[in-house]
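Here is the structure we will look at.
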Amino acid sequence: MERESKIISSFYVKDTLNSEIWDNYNDVENSKMKEFIRDGLLDIANEFISFLGFDIFIQDITMTGSLANFNWSEFSDIDLHVIYDFKESGEQEDLFKDLFNLKRTLFNSQHDITVKGYEVETYVQDMSEPHMSTGVYSVLYNEWLTRPKPEKVSIDKDKIESKSKNWMDIIDTTIEDLNRERDLDKSIEKLDLVKDKIKKFRSSGLERGGEYSYENLVFKFLRRNGYIEKLFSFKNELIDKTLSIEESKH
């Protein structure tokens, strides 16, 4: 219960930017990323780009998410995006997207990189990909691309708890039912349906109400209390079962 209250409290908007990341953190119009933070993020991005294994032209390196905004908290992480025009890969565009997504997953799982205690998550973002964030900073060019604005946001704690509990019940029930399901392929399909519903639920909220929509806040709640990870972990267990060969007695 205490953790749930902490998670919901983390959604409230602060009066300033994070003082560990930004110079002039209390004056967003004149704020700049601290130079040693920027240098460190560029080093991380270059390591990630090298890990991708291709000589590609990088349009930009950006930081987005709550630490580039006023809704930062102890649960925040640093979203470090490498901007690439996937159209440059021609007919192999879809292949490159899948490959870079896999590389991103591998890089983030193999490294435990933090900046001032905040985890760093790397991602290759298509230059044409729409982004809903109201705070985007170019680490490469050292300037705001989308300067955040302090907002007065009213958050209904009971509404978040109610909607979150509904999704937690759905996830728990689905996993419980699938533990009794003998057809593993069918189980994975059902699990993917739940994942897609959650994804659409969040996307519709972002499109309609932005970062502070209840759909996005509920998704963040589920991510921060471990339920999104619970869903992904169970799918991995099912995939392991489908690929495993049971030892037979002769």
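The values are calculated or read from the model by the stated rules, or taken from the named source; none is laboratory data. Predicted model only: the values in this text are computed from it and were never measured. So basically every Cβ, Gly included, is an ideal-geometry build from the backbone, and we count neighbours across all protein chains shown. Just the protein is used for accessible areas: all its heavy atoms, side chains included, with ligands, DNA and RNA removed. Shrake-Rupley method; radii C 1.70, N 1.55, O 1.52, S 1.80 Å.
If the condition is being part of a loop (DSSP other than H, G, I, E, B) and either of a type in the set (D, E, K, R) or buried (at least 18 other Cβ atoms within 10 Å of the Cβ) (or both), then segment 141-161 contributes ARG147, PRO148, LYS149, GLU151, LYS152, ASP156. For first residues located in segment 153-169 and small (Gly, Ala, Ser), partners that are open to solvent by less than 30 Å² (accessible area, probe 1.4 Å) and lie 6+ apart or on another chain with Cβ distances below 8 Å form the pairs SER164/VAL218; SER164/PHE221; SER164/LEU222. Being of a type in the set (Asp, Glu), open to solvent by 30 Å² or more (accessible area, probe 1.4 Å) and assigned to a loop (DSSP other than H, G, I, E, B) is a property that GLU181 has. For segment 1-48, a residue qualifies if it is over 28 Å from ARG224 (Cα atoms) and part of a loop (DSSP other than H, G, I, E, B), and the qualifying residues are ASN24, ASP27, SER31. Listed by first and then second residue, the pairs linking a residue in segment 10-25 that is under 23 Å from ASP156 (Cα atoms) and modelled with pLDDT under 95 to a residue that is of a type in the set (Lys, Arg) and outside any strand (DSSP E or B), with Cβ atoms under 8 Å apart and 6 or more places separating them unless they lie on different chains, are SER10/ARG224; PHE11/LYS220; VAL13/LYS152. For segment 207-238, the set of residues classified as farther than 19 Å from SER66 by Cβ and touching a Ser or Thr at 6+ places or on another chain (Cβ under 6 Å) consists of LEU238 only. The single residue among SER73, SER89, SER128 that is open to solvent by less than 50 Å² (accessible area, probe 1.4 Å) and within 19 Å of the chain's Cα centre (by Cα) turns out to be SER73. Here SER10 meets the list (1) open to solvent by 60 Å² or more (accessible area, probe 1.4 Å); (2) among the hydroxyl-bearing types (Ser, Thr, Tyr); (3) within 21 Å of TYR214 (Cα to Cα) almost entirely, failing just condition (1). Scanning segment 51-63 for residues being in contact with a strand residue (DSSP E or B) (Cβ under 6 Å, 6 or more places away or on another chain) and at pLDDT below 95 gives a total of 1. Being closer than 23 Å to LYS241 by Cβ, open to solvent by less than 50 Å² (accessible area, probe 1.4 Å) and among the aromatic types (Phe, Trp, Tyr) holds for only one residue in TYR227, TYR212, and it is TYR227.
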